[in-house]
Amino acid sequence: MVDLNMLRQFVVVARLEHLSRAADELRVAQPSLSRTISRLESELGAPLFDRADRLRLNATGSLFLGYAERSLGELDAGRRAVADAVSEGLGSVRLASETFLTLTGPLAAFKRDHPGVEFGLHWMAAEEMARRLRAQEVDLCVASQPIHAEGLASARLFDEAVGVGTPLDHPLAGRDRVSIGELAGEPFITARRGHWIRRLLDRLFATHGLTPRIVCESDEPSAIAELISAGLGIGLVPGFARRVAVRTPGAWIAVDEPACRRTVTLYWGADDHLPAAARLMRATIIGWGWSDGEPREPGSGHP
């Protein structure tokens, strides 16, 4: 009989496609994990992995993975619903984002207005968000790049220009606009592959048959800004980050490309089995005074 332990272990193995790493994450012995997967395949009457050169999830495994994730997600959602029903507070909410810089205002307002709600913040790459939402491992996600997946609903928060950040003494610093061709050969400080700003950089250069010269990759937006300010390179900088930067002096130059923009979007599961706290946070984020990337609290009177 397929049990919850089997499903949980299968989901980790399917995600990692590596038995020893999955065993480490699950804190179980690898032979035991291997036997669990074999028993699951026997119960289902079909192999879930190809085991030729390395462990790979096959088509049947991919099909079953969706059901396993939804089953575990529904169980967790049920537990949270019961906890919310018997508690005096409004429960909890889990929010994932590629960056929390743009969300500090609405999150602070939400915490002030709903002090009884517990919430967890999770940094997450965009390609991981759809799976985690469908599995109900998170309630809401904010991404700066499109998430193309079935079963998700979304609301656009804002759209803004992305420019080039340079040190103040850089030859381009006095310019109003710059072309991609003029940026060829410049040393770029950027995020790792998969991050929206790296994908945008690669896409802009590829459109012109060019490859950016990348001298540093970092997962820390503040570190990227500091390195640019220190004169170690240039990099793409969204308009919002430029406006809130106070410790990192530098120049911001518009890029002469219509596609050099980002759209920030809030995503959640389309079936909308959201707990009360998540619905409240969704309303707060969507209702925030977003205007071309310049957030303001509703009713603040700011232009």
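Residues that are surrounded by 18 or more Cβ atoms within 10 Å (Cβ to Cβ) and among the aliphatic types (A, V, I, L, M) were ranked within the stretch 251-272; the one that is nearest to Glu137 (Cα to Cα) is Leu266.
Go through the stretch 173-188 and give me each residue that's at pLDDT below 95 and within 22 Å of Ser222 (Cα to Cα). Scanning the stretch 173-188 gives a single hit, Ala173. Pairs meeting the criteria (first residue in the stretch 255-279 and in the same structural domain as Arg175 (by TED's automatic domain parsing), second residue of a type in the set (A, V, I, L, M) and part of a loop (DSSP other than H, G, I, E, B), beta carbons under 7 Å, at least 6 apart or on different chains) are Tyr267/Ile147; Trp268/Leu274; Ala276/Leu90; Ala277/Leu90; Ala277/Val117. Residue pairs whose Cβ atoms lie under 7 Å apart, sitting 6 or more positions apart in sequence or on different chains, and linking a residue in the stretch 113-125 that is touching a residue at least 40 places away in the same chain (Cβ under 8 Å) and more than 24 Å from His148 (Cα to Cα) to a partner that is of a type in the set (A, V, I, L, M) and in a strand (DSSP E or B), are Val117/Val93; Phe119/Val93; Phe119/Leu95.
From the list Val142, Val162, exactly one residue is buried (at least 20 other Cβ atoms within 10 Å of the Cβ) and out of contact with any Gly (no Cβ under 9 Å at 6 or more places or on another chain). Which is it?
Values: Val162 fails: out of contact with any Gly (no Cβ under 9 Å at 6 or more places or on another chain).
Unique residue meeting the criteria: Val142.
Here are some residues: Thr60, Thr102. Which one is of a type in the set (Val, Ile, Thr) and assigned by TED's automatic domain parsing to the domain that holds Leu133? Give the derivation first.
Details: Thr60 fails: assigned by TED's automatic domain parsing to the domain that holds Leu133.
Being of a type in the set (Val, Ile, Thr) and assigned by TED's automatic domain parsing to the domain that holds Leu133 holds for just one of Thr60, Thr102, which is Thr102.
Residues that are under 18 Å from Glu74 (Cβ atoms) and hydroxyl-bearing (Ser, Thr, Tyr) within the stretch 91-149 comprise just one, Ser92.
For Val93, the requirement of being part of a loop (DSSP other than H, G, I, E, B), under 18 Å from Arg279 (Cβ atoms) and touching a residue at least 24 places away in the same chain (Cβ under 8 Å) is not met. Exactly one residue out of Leu19, Leu26, Leu44 is surrounded by 12 or more Cβ atoms within 10 Å (Cβ to Cβ) and in contact (Cβ under 8 Å) with a residue 40 or more places away in the chain, and it is Leu44.
The values are calculated or read from the model by the stated rules, or taken from the named source; none is laboratory data. Just so we're clear, the structure is a prediction, and the values are computed from it rather than from any experiment. Using ideal geometry, Cβ is built from the backbone for each residue, glycine included, and neighbour counts are taken over all protein chains shown.
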